[in-house]
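First up is the structure itself, then whatever we jot down about it.
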Amino acid sequence: MNRFLLKKAHSEQAFLLVFLFVHAVVSAQNYSTSELKTITLDEAIQLGTLNNRQLKAANIDAAAAAENISQAKMAKVPRLAVSAGYTYIGDPKLYEGFYENNITVDYYNHSSFATIAAAMPIYSGGIINSKIEQQQLLSKRQQSAARMTQAEVKNVITQYFFTLEKLYRQIEVTKQNLVNTDLRINQLKSRVANGQNLKSDLLRTELQQSNFKVSVFKNTNDIELVSNYLDILIGLPTSTILKPEISENAVLLEEVDLQQSLAAAYQNREELKSAQIGIELSKSVLDITKSGFRPSLNANLILNTQYPAQWPNYVNIINYWGAGLSLNWDVSSFYNIKHRVGADKLQIEKSSIALDAAKDQIDKEVKTAYVKLEESKRNIATYKKDVELSLSNYKIVKSRYDNDFALISDMVDAELQLNNSKIALVNANLDLIIQYYSLQFAMGRL
């Protein structure tokens, strides 16, 4: 029974190795059919600024808001209307009694007129200026929203960019371990054949190698996925596999202080600027509502020509013009819009609360990014020490194993510990960069 179970275990190990080999071949084929492109962070951000669809939509909204300002200013321009008409009238018949006799009247069949009318607002209770100011504020808010969108796009691009670099470096570390396990497997095969090691030692090492291959395979798939996300963000074909290119001086991390970071965020963050514009917008709505209490004054001009002036008696052309002023005052507004005024004042208060909430949110984001940055710095020192310790332990265990004073399980454990500590250090170094850019985003400098 034990021999049967051992044979079954060997078969499962062989199947797993074949499965991983097939996946490795398929993955290599996928990379060969995809376009591999090296890219720097600056290039990715530049492409994202030009091609990102969300940013394009935000810029279009800002352009449309600017057009609305010009449209609001048109209310100050004189209104001009031109009308003209022509009528053909057949000869009328005059009947006596109940359609007993009729007489045909010789009538003028052609009638025409033309009119030009103009009106110029002189005073409208301030509503025109208030609406222009409102559209200007809306335009500023849309521009602020476009800048916010641009900063968010840059932040996401940065996150994906360094996540890709993290995956590539993890693969490099793991592939080096694969080389080591290949060498040890070749040694174990001859040692097992000579009876120096048990078959289980070889199987344990092969299982470790399989785990390393699975790790490389998963990281390779993650590279494809993250590349796809980044391709969509920056407008590249979605089949493009991206490879980050980072020079030694590409990322210069400056020392930052928490209070200085908060001050920079309060000065630069578009969310605060947008919230302040929201208060001004609420005030402009109140001004527009209050304009209903005031009268409006317009200047009017009319030019008219008509033929015939009055027929059938006068078959002449009459021209006349007129100019004047018109005053309109909705007296009922004194009691009709008082509740709207109250609601607008409450909206101003609500906008002020929204500004305070935006400050609290920014305060939280800056502090979180700052703490995570400091944590990443400390993690690097810790993981560097872990790599040194695990490397020393690996060398000791390998020396003992080569001299038959340690088991293969000790060797596997030491190698796994070294691999994990190296990957942890790789992640910590790149997490430091990611957290630095997160803090720059929270400060409004990205």
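So how tilted is helix 338-402 from the main axis of the chain? Cα-based, degrees 0 to 90, rounded to 10. The angle comes out at about 20 degrees. Exposure check, 1.4 Å probe, all protein chains in place: residue 206 carries approximately 30 Å² of accessible surface. What separates the Cα centres of the range 147-194 and the range 368-446 is a distance of 13 Å. Heavy-atom accessible surface of residue 225, to the nearest 10 Å², is about 90 Å², with a 1.4 Å probe and all protein chains retained.
Normalised Debye scattering of the range 173-314 at q = 0.11, 0.15 Å⁻¹ gives log10 I(q)/I(0) of -0.88, -1.05, counting only Cα atoms as equal scatterers and leaving out solvent.
Within the accessible surface of the range 193-248, defined with a 1.4 Å probe on protein heavy atoms only, the carbon and sulfur portion equals 51 percent. Summary of the geometry: the range 80-138 and the range 222-275, compared by the centres of their Cα atoms, lie 64 Å apart.
Tell me which label goes with the value of volume of the Cα convex hull per residue in Å³ computed from the coordinates here: (i) 163; (ii) 151; (iii) 341. Given (i) 163; (ii) 151; (iii) 341, the structure-derived one carries the label (iii).
Cβ-Cβ distance of residue 267 and residue 326, R₀ of 41 Å, FRET efficiency by 1/(1 + (r/R0)^6): the value works out to about 0.25. If r is the Cβ-Cβ distance from residue 388 to residue 353 and R0 is 41 Å, what FRET efficiency results, to the nearest 0.05? According to the calculation, E is roughly 0.15.
Each residue was assigned an accessible area with a 1.4 Å probe, and for residue 76 the value is about 100 Å². Axis angle, to the nearest 10 degrees, between helix 127-193 and the longest C-alpha principal axis of the chain: 20 degrees. Per residue, the range 124-246 exposes an accessible area of 46 Å² to a 1.4 Å probe, with every protein chain left in place.
With a 1.4 Å probe rolled over the protein heavy atoms of all chains, the accessible area of 371, 77, 192, 397 falls in the order 371, 77, 192, 397, largest first. When all protein chains stay in place and ligands, DNA and RNA are ignored, the 1.4 Å accessible-area order of 344, 61, largest first, is 61, 344.
Axis angle, to the nearest 10 degrees, between helix 199-234 and the longest C-alpha principal axis of the chain: 20 degrees.
Starting from the 7 Å offset along Cα-to-Cβ, what nm value, one decimal, do you get for the label separation of residue 339 and residue 301? Modelled inter-label distance: 4.4 nm. Each of the peptides 255-261, 360-366, 140-146, 36-42 was scored by the mean count of other Cβ atoms within 10 Å over its residues; in descending order, highest first, they stand as 140-146, 360-366, 36-42, 255-261.
Computed extension gain for residue 410 through residue 74, at 0.36 nm per residue and net of the alpha carbon distance, reaches 112.6 nm. Residues 413, 222 ordered from highest to lowest accessible area at a 1.4 Å probe: 413, 222.
The values are calculated or read from the model by the stated rules, or taken from the named source; none is laboratory data. As the structure is a computational prediction, the values presented were derived from the model and not from experiment. Cβ coordinates were reconstructed from backbone atoms using ideal geometry, including for glycine residues, and neighbour counts include every protein chain displayed. Calculation scope for accessible area: heavy atoms of the full protein, side chains included, ligands and nucleic acids excluded. Shrake-Rupley method; radii C 1.70, N 1.55, O 1.52, S 1.80 Å.
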